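The values are calculated or read from the model by the stated rules, or taken from the named source; none is laboratory data. Note that the structure is a prediction, hence the values are computed from the model and not measured. Virtual Cβ from ideal backbone geometry, glycine too; neighbours counted across all protein chains shown.
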Amino acid sequence: MPDVWIDTRGTALSGGTGVATYAAGLASTLEQMGITPDFLRLTLGGEVATPARPNALTAISCILRALGPWVKIRRDRDGHPYLPYMFRMGNTHLRCFGKPLCLKTPAPPTIMHWTYPLPIKIMNSVNITTIHDIIPIINSDLTGINPLRMKKVLRSVAENSDHIITVTETVKQQIIENLGINGKLITNLYQCAGITNEEARLLPKAEPVAPADAFVCVGRVEARKNIRRLVIAHGISRTTRPLVIIGPDGDDRPDLSPVHGQQQVIRVPWCARHSLLRAIAEARALLFPSLAEGFGLPIIEAMSLNVPVMTSSGGATEEVSGGAALLVNPLDLEQMGEAIRALDEMDMDTRRALCQSGRERAKFFSVNSQASRMKKFYNNINIKYSLH
């Protein structure tokens with residue numbers, strides 16, 4: 001079996017991120033294949049927390065180490081790899097030399113999975129980088145990320161990685177068209193999505209954060225998620241079911257004001273994952289009319305929970321939903337309002353058929369399906385592996 005490492009760019013951040021979900025799914029996929037991955041940690045012991053901002057002496061040390069040709073990975077007493085401030089050093093090296101920082105270890109892994117485009121690579125390993133989206137480059141008005149800097153990072157990472165993987169065909173084509181990277185170096189593998197059996201078992205015990213049978217929207221509350229138009233469309237539909245918006249504040253603060261007196265908009269800024277899943281499971285429908293996505297995890301989570309989905313036509317959301325959701329033009333308020341009204345008044349037979357299509361679609365993103373895709377990918381890049 002190949003020795004495989006995964007970085008902790010997402011999992012080391014308290015609170016969790018979409019990248020953390022991706023990393024956890026990647027680990028589950030590898031375990032399904034009979035591979036136990038190790039994690040390249042930021043801290044000794046691998047605590048789930050970002051190391052504190054370095055003091056002046058440590059910061060100077062990081063800069064000096066980043067100016068060298070390579071930095072050595074450390075090992076804890078159990079042999080697990082870790083390297084404090086490696087992302088900071090990688091960014092410094094990129095700014096100075098225009099290429100990723102090399103990391104060195106006496107026993108490098110066969111494969112290093114970077115779950116996010118980081119300016120770092122491990123010497124004498126197959127470095128595989130996941131690019132989830134390039135939204136700041138193609139929709140720069142929807143994020144606060146500098147598109148020129150991101151393009152520089154992505155090009156450098158792509159040129160120095162052995163292979164790039166994406167989570168949708170949409171993102172793969174966007175990378176080819178906007179970054180000029182050879183498509184032969186990019187493979188779309190999708191990703192694990194949905195809920196685990198353990199999460200499903202714990203749902204009834206989760207603390208409720210939303211009224212049952214409400215319309216639910218999940219994600220960062222920002223312009224990119226099309227929140228203001230969703231609130232207006234919900235009002236246009238004249239439904240009496242509340243709209244529950246669950247997620248942290250994003251780069252901006254969309255207006256959540258109701259558009260008429262009877263409309264009810266409920267804001268849940270944060271909740272535990274089990275409570276979030278319970279809110280989705282008990283919802284009338286998930287409303288996810290995002291303006292730009294690389295994947296759209298809530299779509300498959302809702303489908304896994306037997307809940308209808310409304311999402312945006314075109315791009316990654318239409319690709320991921322696979323014909324099992326109501327699709328709308330996210331810029332068309334009337335069309336969105338009509339879709340919400342249809343979900344509000346949908347008869348049981350139609351709803352049951354839509355949910356069944358969703359459950360079938362969700363199976364495509366199961367850990368078994370992902371393991372099959374990963375096995376084929378490893379074989380295609382000449383990593384010797386046999387799935388038993």
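With the requirement that a residue be outside any loop (DSSP other than H, G, I, E, B) and closer than 27 Å to Thr29 by Cβ, what does the range 75-100 give you?
Step one: filter the range 75-100 for residues outside any loop (DSSP other than H, G, I, E, B), giving 75, 81-82, 86-97.
Result: Arg75, Pro81, Tyr82, Met86, Phe87, Gly90.
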List pairs: first residue in the range 326-339 and part of a strand (DSSP E or B), second residue surrounded by fewer than 22 Cβ atoms within 10 Å (Cβ to Cβ) anywhere in the structure, Cβ distance under 9 angstrom, at least six positions apart or on different chains.
Leu326/Ala342; Leu326/Leu354; Leu327/Ser313; Leu327/Gly314; Leu327/Glu318; Val328/Ser313; Val328/Gln335; Val328/Glu338
Considering only residues of the range 340-376 that are among the hydroxyl-bearing types (Ser, Thr, Tyr) and in a helix (DSSP H, G or I), which is nearest to Ala193 (Cα to Cα)?
Ser369
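The rows are residues; the columns are (1) among the polar types (S, T, N, Q); (2) over 17 Å from Ala371 (Cα atoms); (3) modelled with pLDDT of 85 or more; (4) in the same structural domain as Val167 (by TED's automatic domain parsing).
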{"residue": "Arg9", "(1), (2), (3), (4)": "no, yes, no, yes"}
{"residue": "Leu13", "(1), (2), (3), (4)": "no, yes, no, yes"}
{"residue": "Gly16", "(1), (2), (3), (4)": "no, yes, no, yes"}
{"residue": "Ala20", "(1), (2), (3), (4)": "no, yes, yes, yes"}
{"residue": "Ala23", "(1), (2), (3), (4)": "no, no, yes, yes"}
{"residue": "Ser28", "(1), (2), (3), (4)": "yes, no, yes, yes"}
{"residue": "Gln32", "(1), (2), (3), (4)": "yes, no, yes, yes"}
{"residue": "Ile35", "(1), (2), (3), (4)": "no, no, yes, yes"}
{"residue": "Leu40", "(1), (2), (3), (4)": "no, yes, yes, yes"}
Flag if Met89 is closer than 24 Å to Gly18 by Cα and buried (at least 18 other Cβ atoms within 10 Å of the Cβ)
yes
If we keep just the residues of the range 269-310 that are polar (S, T, N, Q) and more than 18 Å from Asn329 (Cβ to Cβ), which is surrounded by the fewest Cβ atoms within 10 Å (Cβ to Cβ)?
Asn306
For Ala66, the lone unmet condition from (1) modelled with pLDDT of 90 or more; (2) closer than 22 Å to Val367 by Cβ; (3) in contact with a helix residue (DSSP H, G or I) (Cβ under 9 Å, 6 or more places away or on another chain) is (2)
Having 1 or more residues that are in the same structural domain as Asp249 (by TED's automatic domain parsing) and farther than 21 Å from His113 by Cβ is the bar; report the helices (runs of 4 or more DSSP H) wholly within the range 126-191 that clear it.
none
Does Leu287 satisfy the criteria of being within 19 Å of the chain's Cα centre (by Cα), closer than 24 Å to Arg201 by Cβ and modelled with pLDDT of 95 or more?
no
Consider Ala212 against the criteria (1) touching a strand residue (DSSP E or B) at 6+ places or on another chain (Cβ under 9 Å); (2) at pLDDT 95 or above; (3) not in a helix (DSSP H, G or I): it satisfies all of them except one. Which criterion is unmet?
(1)
Which of the residues that make up the range 25-43 are assigned to a helix (DSSP H, G or I) and touching a residue at least 24 places away in the same chain (Cβ under 8 Å)?
Gly25, Leu26, Ser28, Thr29, Leu30, Gln32
If I filter the range 204-218 for residues that are surrounded by fewer than 18 Cβ atoms within 10 Å (Cβ to Cβ), under 17 Å from Leu305 (Cα atoms) and touching an Asp or Glu at 6+ places or on another chain (Cβ under 6 Å), do I get at least one hit?
yes
